Amino acid sequence: MNNAGNTAGYDIDAVVVGAGFAGMAMVRKLRELDFTVRCFEHGSDVGGTWYWNRYPGARCDAPSMQYSYQFSEELQQDWHWTEIYAAQPEILSYAQHVADRFSIRDHITFNTSITQAHYDEKTACWEVETDAGESLRARFCIMATGNLSSRLKPNFEGLDDFAGSWYQTSNWPHEQVDFTGKRVGVVGTGSTGIQAIPVIAEQAKQLSVFQRTPQFSVPANNAPQDLEYEANIKADYANFRAQNYTKPLAMAIDVKRNPLKTFDVDEHERRERFEASWNQGGIAMQFTFRDSATTMEGNEALSDYLRDKIGEIVADPATAELLKPKHIFGCKRPCIDTDYFATYNRDNVTLVDCSAGIERITASGIQVDGVEHELDIIVFATGFDAITGTLNNIDIRGRRGLALKDKWADGPRAYLGLQSAGFPNLFTISGPGSPSVLTNMVPTIEQHVNWIGDCLAHLRDAALATIEARQDAEDPWVERVQALADSTLWGACDNWYTGGNVAGKARVFPIYVDWVSYREKCEEVVANGYEGFALG
Ligand code: NA7
């Protein structure tokens, strides 16, 4: 199928959209399989999320030894992560290293976005156009567009009048922003705000945090990489990776998985177990008992423990009270922080309750409840149109001109999160209906990349031109995704999983919450001759 400029009616085997971790891995895989490929990336370099989100304090929530590629044994042996949870600059330099080492950039056109992708039924090709005016025809179109790549523009009244500078965490300048001597306002207390606030507080003269909804957060307990731990993993990295693929988040968590429910133990033991998870830090907290995500009483016990912790850390009782979340744990993605709550004990940090909304931005600051807070710099950490936002911003049309965003108007519909019926030869990496953001993303991206690469090779070997999700496979899959989501409490409040943070967006929980059965299903589908897909 190596047909560049061929007579079959297409210029290239595959177009890959996006050069984050998914796009890079996809390009490498396709080249390994000897397919021709072109990748288009909006940014000026590789890295995706880690290219754009360069705000102070940006850091990964998954341990670096696991949040990394496994396709090359030499790569995983050679690379040394300096901390348990790597910071953004280190992750970006890893992405750049991978791009150099595997000559991935040769296949990427930077500073270029795909504006439309239309399927031509006669030739079974995707006609793709870029914002630079280039058109090309590809047999396959692979969307590696990321789940958190469509930033929400701050649309506050008066923003244009603001006399100071403002920044968005998700579009952070490449030069350092100097907060020294400045009065800074941060809007947003999700994972991003919670990472940025302690770091900005150390530099700024005065920091005002504008909080609409308080968040649960657990300390990361980040530390320099333990060299013995690293050596142990590297002694048999392949096996470590293979084991992790069998774990619920595709990730090894250094806690004993507790078979007990919250109220199987007495209050004293419950507290001790919560305390052990807190001291462990990171993602361990939610696995202290097995029913925290599924029963209200289990969830409340954990939530109460975490609220108590805020009360213990934050000295001013009124501030502590304001910081305590009222929602249940997990229905907004829980955060992992470094010194977040303790930051409110600093003399230069003020918490501003904007739960009734920010009234307006003025020339000199932010006005809330009739009070103007004077600022030199505003940092917006206000989130993303997640999961479908970037896909819906591209004019994608399948059979009979059907627009993907119209098909998805009431929420995304896809089979395995890999393909959507009516859109042959179009793939989404970590797409809606796959476990995506509820897993350790790099390994699960690689699972999709391998699945898609192997699928294309199979089509080539079998002299087949197309693959398309069948409607009668997609419909029950969408139902299954929803049924699993309904067994958790995660859809219970407005959050970016469900689209609840975007005005007018359909509320759907488009994430398959069980990685282990998902991976098995993907393997089963292949073993059964691509069951649920029509091959043509
Ligand atoms: P999030 O988690 O969506 O957080 C956005 C924050 O911004 C959240 O606290 C919002 O409050 C707040 N927000 C949004 N709009 C406004 C307005 N208009 N006024 C005041 N506050 C506002 O995005 P993040 O970037 O922090 O994290 C996204 C994911 O990236 C994260 O989960 C990690 O997986 C990586 P709200 O809660 O909506 O009231």
For the range 23-50, the count of residues that are open to solvent by less than 10 Å² (accessible area, probe 1.4 Å), part of a helix (DSSP H, G or I) and of a type outside the set (Val, Ile, Thr) equals 5
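On the basis of being of a type outside the set (Lys, Arg), assigned to a loop (DSSP other than H, G, I, E, B) and touching a Cys at 6+ places or on another chain (Cβ under 8 Å), does Tyr85 make the cut? Break it down stepwise before answering.
Details: of a type outside the set (Lys, Arg): yes; assigned to a loop (DSSP other than H, G, I, E, B): yes; touching a Cys at 6+ places or on another chain (Cβ under 8 Å): yes.
Judged against the criteria, Tyr85 is a match.
Do you know which residues across the range 337-363 are in a loop (DSSP other than H, G, I, E, B), open to solvent by 40 Å² or more (accessible area, probe 1.4 Å), away from the ligand (no atom under 13 Å from the Cβ) and of a type outside the set (Gly, Ala, Ser)?
Taking the range 337-363 first, the residues in a loop (DSSP other than H, G, I, E, B) are 338-340, 346-348, 354-359, 362-363.
After this cut, where a residue has to be open to solvent by 40 Å² or more (accessible area, probe 1.4 Å) as well, the list is 338-339, 346-347, 355-356, 359, 363.
The next check asks that each one be away from the ligand (no atom under 13 Å from the Cβ); those that pass are 338-339, 346-347, 363.
Within the range 337-363, Thr338, Asp339, Arg346, Asp347 meet the criteria.
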Restricting the range 199-234 to residues that are in a loop (DSSP other than H, G, I, E, B) and among the hydrophobic types (A, V, I, L, M, F, W, C), the one farthest from the ligand (Cβ to nearest atom) turns out to be Ala223
Reported set for the range 364-397 where residues are part of a strand (DSSP E or B), away from the ligand (no atom under 16 Å from the Cβ) and surrounded by 16 or more Cβ atoms within 10 Å (Cβ to Cβ) is Ile377, Ile396, Arg397
Restricting the range 146-170 to residues that are within 20 Å of the chain's Cα centre (by Cα) and among the charged types (D, E, K, R), the one least open to solvent (accessible area, probe 1.4 Å) turns out to be Arg151
Review point. Given the structure, is Arg400 surrounded by fewer than 21 Cβ atoms within 10 Å (Cβ to Cβ) and assigned by TED's automatic domain parsing to the domain that holds Thr180?
Key: no
Only unsatisfied item for Asp291, checking (1) open to solvent by 30 Å² or more (accessible area, probe 1.4 Å); (2) part of a loop (DSSP other than H, G, I, E, B), is (1)
Looking at the structure I just gave you, is Gly417 outside any helix (DSSP H, G or I), in the same structural domain as Asp120 (by TED's automatic domain parsing) and either farther than 30 Å from Thr488 by Cα or free of Cβ contacts under 8 Å to residues at least 40 places away in the same chain (or both)?
no
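Name every residue in the range 113-133 that is outside any strand (DSSP E or B) and more than 22 Å from the chain's Cα centre (by Cα), in order of residue number. Spell out the reasoning first.
So in the range 113-133, the residues outside any strand (DSSP E or B) come out as 113, 121-124, 131-133.
If the condition is that a residue be outside any strand (DSSP E or B) and more than 22 Å from the chain's Cα centre (by Cα), then Glu121, Lys122, Thr123, Ala124, Asp131, Ala132, Gly133 are the ones that fit.
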*Ala320: at pLDDT 95 or above and either part of a helix (DSSP H, G or I) or not assigned by TED's automatic domain parsing to the domain that holds Leu351 (or both), yes or no?*
yes
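Answer with yes or no whether Glu73 is more than 18 Å from Lys234 (Cβ to Cβ), in contact (Cβ under 8 Å) with a residue 24 or more places away in the chain and open to solvent by 60 Å² or more (accessible area, probe 1.4 Å). Quick ask: steps written out before the conclusion?
Working: more than 18 Å from Lys234 (Cβ to Cβ): no; in contact (Cβ under 8 Å) with a residue 24 or more places away in the chain: yes; open to solvent by 60 Å² or more (accessible area, probe 1.4 Å): yes.
For Glu73, the condition - more than 18 Å from Lys234 (Cβ to Cβ), in contact (Cβ under 8 Å) with a residue 24 or more places away in the chain and open to solvent by 60 Å² or more (accessible area, probe 1.4 Å) - is not met.
Let me confirm something: among Ala483, Ala527, Ala473, which residue is under 29 Å from Phe216 (Cα atoms) and more than 16 Å from the ligand (Cβ to nearest atom)? I'd like the intermediate steps shown before the answer.
Details: Ala527 fails: under 29 Å from Phe216 (Cα atoms); Ala473 fails: under 29 Å from Phe216 (Cα atoms).
Just one listed residue meets the conditions, Ala483.
Per-residue answers, yes or no, for (1) within 17 Å of the chain's Cα centre (by Cα); (2) under 24 Å from Thr466 (Cα atoms); (3) assigned to a loop (DSSP other than H, G, I, E, B):
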site: Cys493; (1), (2), (3): no, no, yes
site: Trp496; (1), (2), (3): yes, no, yes
site: Val502; (1), (2), (3): yes, no, yes
site: Lys505; (1), (2), (3): no, no, yes
site: Ile511; (1), (2), (3): yes, no, yes
site: Tyr518; (1), (2), (3): no, yes, no
site: Lys521; (1), (2), (3): no, yes, no
site: Glu524; (1), (2), (3): no, yes, no
site: Ala534; (1), (2), (3): no, yes, no
How many residues of the range 124-159 are within 16 Å of the ligand (Cβ to nearest atom) and free of Cβ contacts under 8 Å to residues at least 60 places away in the same chain? The answer is 2
Of those in the range 171-198 that are under 15 Å from Asp347 (Cα atoms) and open to solvent by 60 Å² or more (accessible area, probe 1.4 Å), the residue farthest from the ligand (Cβ to nearest atom) is Lys182
When every residue in the range 493-519 that is in contact (Cβ under 8 Å) with a residue 24 or more places away in the chain and of a type in the set (Ser, Thr, Tyr) is compared, the one nearest to the ligand (Cβ to nearest atom) is Tyr497
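Given Ile452, Ile467, which one is at pLDDT 95 or above, crowded, with 20+ Cβ neighbours inside 10 Å and closer than 28 Å to Met65 by Cβ?
On inspection, the qualifying residue turns out to be Ile452.
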Residues of the range 301-336 being surrounded by fewer than 16 Cβ atoms within 10 Å (Cβ to Cβ) and hydrophobic (A, V, I, L, M, F, W, C), in sequence order, are Ala315, Ala318
Exercise for the section: Would you check if Ser93 is assigned to a loop (DSSP other than H, G, I, E, B), within 26 Å of Glu32 (Cβ to Cβ) and open to solvent by 30 Å² or more (accessible area, probe 1.4 Å)? Expected result: no
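The values are calculated or read from the model by the stated rules, or taken from the named source; none is laboratory data. Note that the structure is a prediction, hence the values are computed from the model and not measured. Cβ coordinates were reconstructed from backbone atoms using ideal geometry, including for glycine residues, and neighbour counts include every protein chain displayed. Ligands, DNA and RNA are excluded from the accessible area calculation, which covers all protein heavy atoms including side chains. Shrake-Rupley method; radii C 1.70, N 1.55, O 1.52, S 1.80 Å.
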